[in-house]
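Okay, so here's the structure we're looking at.
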Amino acid sequence: MRRLSSLLALIPALAALPALAPASAQDPATASLISETRGFVPGQTFTVALRLVQDPGWHTYWRDPGDAGLATTLSFTLPPGVHAGDLEWPKPKVFTSAGPLTCYGYVKTALILVPITVDADYAADSLTLKAKATWLVCKDVCQPGKAEPALTLKRVSTNTPSADAPLFAKVRPSLGQPPDKYHPMGGAPGAPLPAAQARAYLPHVSATPVPALAVAATPVAVPAPSPTGSGKLGWMLCLALLGGVLLNLMPCVLPVLSLKALSFVKQSHESRGQGMALAAAFSAGVLFSFWVLAAVVLILKRGGEEVGWGFQFQQPAFVLFMAGLLLVFSLNLFGVFEIWLPGDAMTSLHHASKGRGLAGAFGQGLVMTLLATPCTAPFLGTALGFAFAASDGVLVAIFTAVAAGLALPYVLLAVVPGAHAWLPKPGHWMLRFKEAMGFLLLATVVWLLWLLGSTVGVDSQAWASLWLLALAVIAWLWGHFAGPERHKTHRRHMTWVTAALVIVSSLWLCPKVLSGRAAPMPVEAGWRTWSQATVDGLHSQGIPVFVDFSAQWCWTCKINERGTLASDAVQAAFKSKGVTLLKADWTRQDPAITAALSAHGRGGVPMYLYYPAQGPEVLLPEVITPGMVLRVLGAHP
């Protein structure tokens, strides 16, 4: 109860928090790399530091910012034979805010130390350290910053202190020490994970808390913060698990969901052990694909890319691949071809059939994940926002929890005794249902083609259609000339021929698809293109603003737009309140939009922000209804 009361007390403070500031003409913080020594000696370790000099009244954040803020990040590009150690953080100051918010950071000059080791066989006479740094600097508003400082040092035989050595000596005694004050929500600060929640970009607040009208008007507010460290991670893992379960209800998953339901009907009269094995294979496919997705995200992050949930749909090559894959799946459902595994004896065919079932279940798990990423679900956006801003291990843990939630209903259906009794009896209707699902997959292919056209243009869309036609013809050839009635040698030869045709057609047509570039899609009537500067300019004039962060490939976005934002009641409320409507289109990669999503603790779209004429912004949930928007606008009876 004590923790619950603390969480409830946080709501007025959240309502008082200010918005993210646009980049100013002069940054309130400047970054540089400095060295404790004048040079380097091969075989020895020396220390450098990221020095952040901040204007009076501004502050940056510690490795654990606390209830608000973002930790400063620093990564290096080093020559071979030179190695960077872990970041070493001096003891931070404590900033308290309205309500129970407490943050940890630095004022004036901040030094983050890094040990650098040079191999004994390093032969060059100089070395250059190249770094990438990001930070959040806050006062009454917050401003993100980034820089790529560099430092070149000469080879020396004996090292001597540099002119900046006194700065290192000043902070070295406090390295690794926690702040003087413990976290007000319980538990000690100091966990290495950065806070990544909807308020993650916000500064401490010294103003008196304002009434929480905006927050109260939001039916599903951002989940209240949990304790730092393991408590916060546990809370986010729960949100990720629940979001994964709810992802099954999103339209992206419908094609595979229907096929999975069909396979469960087929299994309803088989042994329970076989059903559990198939559920395990399906879950393994989901988990494997999420782990691969997490690995790709980590690789891109290490390369300096800003990514978010569904980022792969910003890549035309991935969209084209998915269109081809789903077309082949649909042709299989129509009976154009069948996949036959080797084995002429009845026993081997029996085992191959079982193996094919497990492989098919694993493949369904893979495809479900690929189709699920254009959608988001309640609670999922907050958990993913935390993941994309957290450490590598936490990102993998969050992705694993989402995968577990996505697979959980199918596992329960397989292991709970009597659950199959809820399913209809197998029969001839299953054949027609399978064919109907083929048309559903074709509808998804049409959607992917439309999405592809919005990024690479109409001409490239035509080349993509030609490639899909070639795949269909090749699938028909393989199904007709490599069937089980053909001789084994003939089937083998035909398989090689069709594989070669796939490769040749892909090498010829796919580059023509991917070389195109569509013109930017026009913003719908009544909407303007988003930029943070536009928001700040309108808000400073007392003009209310509603921002729709969306993407062409985001199914949840489109449902919200057509079912809620385009409704007569909501449009009338926008007009009567004089609300300016802004659209932030994330269909193609846009670092500014990615940063805004991350700043609000979201890992992807949709995201909806309302800036009233007076007072703080309101963050709406991922899935919205007309009633929610009307209450936020103050237009609901």
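Being free of Cβ contacts under 8 Å to residues at least 12 places away in the same chain and either outside the structural domain of ARG602 (by TED's automatic domain parsing) or over 20 Å from TYR611 (Cβ atoms) (or both): is that true of ARG588 here?
For ARG588, the condition - free of Cβ contacts under 8 Å to residues at least 12 places away in the same chain and either outside the structural domain of ARG602 (by TED's automatic domain parsing) or over 20 Å from TYR611 (Cβ atoms) (or both) - is not met.
Within segment 46-61, restricting attention to residues that are at pLDDT 90 or above and hydrophobic (A, V, I, L, M, F, W, C), the residue that is farthest from VAL114 (Cα to Cα) is VAL53. Screening SER598 against (1) part of a loop (DSSP other than H, G, I, E, B); (2) closer than 22 Å to PHE313 by Cβ; (3) not basic (Lys, Arg) leaves a single unmet condition, (1). For ASP125, the requirement of being of a type in the set (Asp, Glu) and at pLDDT 85 or above is met. Filter segment 566-600 down to residues that are closer than 20 Å to SER454 by Cα and among the β-branched types (Val, Ile, Thr) and give me whichever is modelled with the highest pLDDT. Of everything passing the filter in segment 566-600, ILE593 is modelled with the highest pLDDT.
Among the conditions (1) assigned to a strand (DSSP E or B); (2) touching a Leu at 6+ places or on another chain (Cβ under 9 Å); (3) more than 23 Å from VAL82 (Cα to Cα), LYS146 misses just one, which is (2).
Examine segment 554-565 for a residue that is among the polar types (S, T, N, Q) and assigned to a loop (DSSP other than H, G, I, E, B), and state whether such a residue exists. Scanning segment 554-565, I find no residue that is among the polar types (S, T, N, Q) and assigned to a loop (DSSP other than H, G, I, E, B), so the answer is no.
Comparison of PRO65, PRO22 shows that the only residue that is at pLDDT below 85, part of a strand (DSSP E or B) and in the same structural domain as ALA123 (by TED's automatic domain parsing) is PRO65. Being surrounded by 14 or more Cβ atoms within 10 Å (Cβ to Cβ) and modelled with pLDDT of 80 or more is the requirement here; does LEU452 meet it? Against the criterion (surrounded by 14 or more Cβ atoms within 10 Å (Cβ to Cβ) and modelled with pLDDT of 80 or more), LEU452 qualifies. In segment 612-633 there is no residue that is touching a Pro at 6+ places or on another chain (Cβ under 8 Å), closer than 25 Å to LEU452 by Cα, part of a strand (DSSP E or B) and not assigned by TED's automatic domain parsing to the domain that holds LEU380. Here ALA443 fits the description: among the aliphatic types (A, V, I, L, M), assigned by TED's automatic domain parsing to the domain that holds LEU333 and at pLDDT below 90.
The values are calculated or read from the model by the stated rules, or taken from the named source; none is laboratory data. The shown structure was predicted, so the numbers you read here are calculated from the model rather than taken from an experiment. Ideal geometry is used to build each Cβ from the backbone, glycine not excepted, and the neighbour counts take in all protein chains shown.
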